[in-house]
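The values are calculated or read from the model by the stated rules, or taken from the named source; none is laboratory data. Keep in mind the model is a prediction, meaning the values are calculated, not measured. All Cβ positions, even for glycine, are placed from backbone atoms using ideal geometry, and neighbour counts span all protein chains on display.
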Amino acid sequence: MNLVAAFSAACCIISMAYYIAATVIGMRFARRTSLHPGLLPKIAPRVAVLKPLHGLTRNLPDNLISYIELDYPKMEFIFGVSDYEDEAAALVASLKPQYPFRQICLAVGEKPGCANHKIAKLIGMAERSPRSEIFLLSDADVRVERDHLRRIVSEFNADQQLGIMTCLYRAKAGGGFASRLGALFVNTDFVPLIMISKTIEPLRYSLGATVAVKREALESIGGLERLKDMLADDYYLGKLVSDRGYNIGLSSSIVTVVSDERDLAAFWNHQLRWARTYRSTRPISVATIVLHGPFWASVLLALAHSSRLAIGLFAAVMATRILTSRLMISKVLALPDQRNDGWLAPVKDLLMTAVWAASLFSNEVLWGRRRLRIQPDGSMQEVLR
């Protein structure tokens, strides 16, 4: 067996160990999510839910309602759009009379001079809530359970050193093949990676779907203005707060997003943007290639001329990947209707190997209709066509 084949065999074994370890850790985390939320402080802190919006999607009404119907005593909701022409503005206006006892505000406009348009909205939104002690930043495509905020605030209350509480998120497929692949990436790549990372070392970053940050922690870094040009604003929010001496917690509340990639091109562009962003923030992430079990199993099968060892390892990798993916989807993330997509995990993995390779050759990404170049300091610069 030559050196490349031996390395491929080693990567197969490492990958299987990783799949199993992530699943075991995931099962333990699932037991934590099944517990009731902890106790709130005697005087519950005021929370401002900040949700920047852009356009009207099929799931947006249900997403917003899931927040408005949260079970928490002191909260206000600030939804942000760039201008009144955004269809999401009319949706927010229609929700106000349906929930007359909720504090719902629509913030219109963006802070000038911000390369990151989401942060440009959030800066003005945060300024509308001068009395809130905690800001809950949430993307438009996120949906939560009714106890979401109770869990987060009780977890803050249990550890006064926490400055940020971040959440894992699971993905439901929007319907098509590409969206199923996108959901598989979140559920079988992203979630296990975060769980393993949290087990090995303290969190030094936050996750973009939902981030709860104490006002004092946010002010310690100079406010949201520090993130105005950062592409990975969630990562740098956590990093900057961590650098100021605050801890970052991983909440027991798992939120839900919908993977809505329309075709393989949309899937490719989304994953390529994520891979290049992740590489720019954590260069060591290129080493995750050793965890691409189906790729290395295929390489070994080709190099070893289908020897018994190669065939055995190939079968073991595929079986382990499929089984652990099904367990992660159904048992850890409570998406039993999607567990059969675990059979697609090796196919998705091979595509992600191609994404990994493509991510190495450029620092440019597509975000909506904008082409951006990631700078060495993590900031982004628009590439004019």
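Table for the structure above
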item: Test: residue in region 135-144 that is under 21 Å from TYR72 (Cβ atoms) and hydroxyl-bearing (Ser, Thr, Tyr); result: yes
item: Test: residue in region 182-191 that is within 14 Å of the chain's Cα centre (by Cα), touching a residue at least 24 places away in the same chain (Cβ under 8 Å), more than 30 Å from TRP343 (Cα to Cα) and in a helix (DSSP H, G or I); result: no
item: Tally, over region 208-244, of residues that are touching a residue at least 40 places away in the same chain (Cβ under 8 Å) and in a loop (DSSP other than H, G, I, E, B); result: 8
item: Search result, residues across region 102-151 that are part of a strand (DSSP E or B), hydrophobic (A, V, I, L, M, F, W, C) and touching a residue at least 40 places away in the same chain (Cβ under 8 Å); result: ILE134, PHE135, LEU136, LEU137, VAL142
item: Test set (1) surrounded by fewer than 22 Cβ atoms within 10 Å (Cβ to Cβ); (2) among the aromatic types (Phe, Trp, Tyr); (3) under 28 Å from GLN381 (Cα atoms) - PHE135 fails condition number; result: (1)
item: Residue match in region 165-179 (condition: more than 30 Å from PRO336 (Cβ to Cβ) and either in a strand (DSSP E or B) or without any contact (Cβ under 8 Å) to a residue 60 or more places away in the chain (or both)); result: no
item: Subset of region 57-73 [hydrophobic (A, V, I, L, M, F, W, C) and either outside the structural domain of PRO100 (by TED's automatic domain parsing) or part of a helix (DSSP H, G or I) (or both)]; result: LEU60, LEU64, ILE65, ILE68
item: Hits in region 74-89 (condition: out of contact with any Phe, Trp or Tyr (no Cβ under 9 Å at 6 or more places or on another chain) and either exposed (fewer than 13 other Cβ atoms within 10 Å of the Cβ) or part of a helix (DSSP H, G or I) (or both)); result: ASP83, TYR84, GLU85, GLU87
item: Qualifying residue in region 150-161 (condition: farther than 30 Å from GLU261 by Cα, in contact with a Pro (Cβ under 8 Å, 6 or more places away or on another chain) and surrounded by fewer than 18 Cβ atoms within 10 Å (Cβ to Cβ)); result: yes
item: So TYR19, is it closer than 22 Å to PHE190 by Cβ and surrounded by 13 or more Cβ atoms within 10 Å (Cβ to Cβ); result: yes
item: First in region 257-269 and polar (S, T, N, Q), second anywhere and at pLDDT below 90, Cβ under 7 Å, 6 or more apart; result: SER259/GLY174; ASN269/LEU366
item: Residue tally, condition buried (at least 17 other Cβ atoms within 10 Å of the Cβ), of a type outside the set (Gly, Ala, Ser) and not in a loop (DSSP other than H, G, I, E, B), over region 26-46; result: 1
item: Any hit, region 209-232, residues being buried (at least 23 other Cβ atoms within 10 Å of the Cβ), over 11 Å from the mean Cα position of the chain (by Cα) and over 21 Å from GLY163 (Cβ atoms); result: yes
item: Counted residues, region 233-256 - those being of a type in the set (Val, Ile, Thr) and farther than 24 Å from ILE123 by Cα; result: 2
item: ILE254 surrounded by fewer than 16 Cβ atoms within 10 Å (Cβ to Cβ) and either on the phi < 0 side of the Ramachandran plot or not small (Gly, Ala, Ser) (or both); result: no
item: Of residues in region 304-321 being buried (at least 17 other Cβ atoms within 10 Å of the Cβ) and either at pLDDT 95 or above or not small (Gly, Ala, Ser) (or both), the one nearest to THR256 (Cα to Cα); result: ARG321
item: For ILE248: the one exception among (1) in the same structural domain as GLN338 (by TED's automatic domain parsing); (2) modelled with pLDDT of 95 or more; result: (1)
item: In region 259-310, residue farthest from VAL142 (Cα to Cα) [restricted to those that are of a type in the set (Lys, Arg) and part of a helix (DSSP H, G or I)]; result: ARG308
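For every residue, the table says whether it meets (1) without any contact (Cβ under 8 Å) to a residue 12 or more places away in the chain; (2) assigned by TED's automatic domain parsing to the domain that holds ALA126; (3) part of a helix (DSSP H, G or I).
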| site | (1), (2), (3) |
| --- | --- |
| SER8 | no, no, yes |
| CYS11 | no, no, yes |
| ALA17 | yes, no, yes |
| ALA48 | no, yes, no |
| LYS51 | no, yes, no |
| GLY55 | no, yes, no |
